[in-house]
Amino acid sequence: MRRLLRKLEDWERCTFRKFSIAYVFNGLFQGILRLSDVVAKKTLHASDFEITVLSMVWPLANMFSVYFGELMAGKEKKNFLLFAGIFGRLSLFLIFFVKTPWEFILLLLLVYSANAIVLPAQNSLLQSNLRWNLTGSVFGYLTAILSFFVIVSAYIAGKVMDLNENYFRTVFAVAGILGFLHIVTLASIKQRKLLSSPVKFNLLRLLRPFVDGLRLLKEDRVYALFQLFYFVYGMGFLMVMPAIPKLLVVKLAMTYTLVSIARVFMSQTGKIVFSPLIGRVFDRISPVKFTGITFIVMGFYAFALGLVLLVPEPLRVPLVFVAFFIFSLGMTGINLSWNLSSIHFAKDHDASRYQGVHVALTAIRGVLGPLLGYLVMSFLPLEYVFFFSFIFFITAALGMFFVVEKNSQGNSKSL
């Protein structure tokens, strides 16, 4: 940490400090939200189909990221972020009126819609306020901070809801306050430079960002290939989402506390320990190759979950712990790749546009992935969902290595 701080200029150090504070609040917010599907299954008694729809909410809400990414390009992000904080975080106080799984799903759709603003804005702030060769290291430390507080928050929330499962309403209202503080802190960061000309708003531009996003993919073929194989990875990642609550709550009958330890503590441990190291690795090798390696690690996570119901019963919960620890290692890399690769491809342009396309594509696979998982678990034993996911992860990894090999000449050295 000290060595990194010595490398930072004054404005970079200030940005790092404010991001660190923001990520404390973000970690506390996310830790509670990580238990959403378990709350839906365990307390609101959601069906498998309702859990599938809930799994679509986060990626589907990202659809408008391409719009806000384009609209925010070349502008200060403060007002956009404050809007997201009010309507996308404080809206969690509506949780006190939630009685059914569908009401819960609609509320989370509103909450996650704020990410369409927050994620592109965050990328633009990092791009303008940090030198690229230090971004991975900085983001690695930020991820470690985030992960620590995700663990703390999820464990406390799990304990509270084990006392009385109806306390979930109060817990999620607190999450709304924490999420609002995260966004307000981000909004206080002064963008050092604006990297694009601002876009004037008019009604004709409502669909323009989607057209521009498609044009971007046509113009930047390497970025398009990168997104193609990220799409394959995303299908593998999202198809297991409807299956995980069923595995943990129905098949293994785990408590909120045990789920928070297995799914959150184990899944964040690798991020805390290895994020700074892996962040330095990200700074030194090509983002595309780095992403392919992380996809392979994620494949082992899916394969391990697939084995849970096939091993003797005393080994099942321990294997869940092992699987989510592997997940933590893979997601440490994915977190860096997912958040920072757009900055690499954007080069001297505002990364909001690239990240907007990147996040919006998540919405498409966010519909297809969970539905595919639901169909598999409807006709085949539950473990098949995880084994199919494994195939998607490995295919995506091979695809990324193909992109590196295909572009091994000329300017592809940066890949």
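Coordinate-derived values only; no laboratory data. In this text, all values refer to a predicted model and were calculated from it rather than measured experimentally. Note: ideal-geometry Cβ built from the backbone for every residue, glycine included; neighbour counts use all protein chains shown.
Quick notes
- Derived scalar couplings ³J(HN,Hα) [the range 395-402; Karplus, 6.51 cos²θ - 1.76 cosθ + 1.60; whole Hz; x for Gly, Pro]: 4, 5, 4, 4, x, 5, 5, 5
- Each Lys or Arg adds one and each Asp or Glu takes one away; over the other residues whose Cβ falls under 12 Å from the Cβ of residue 37, this sums to +3.
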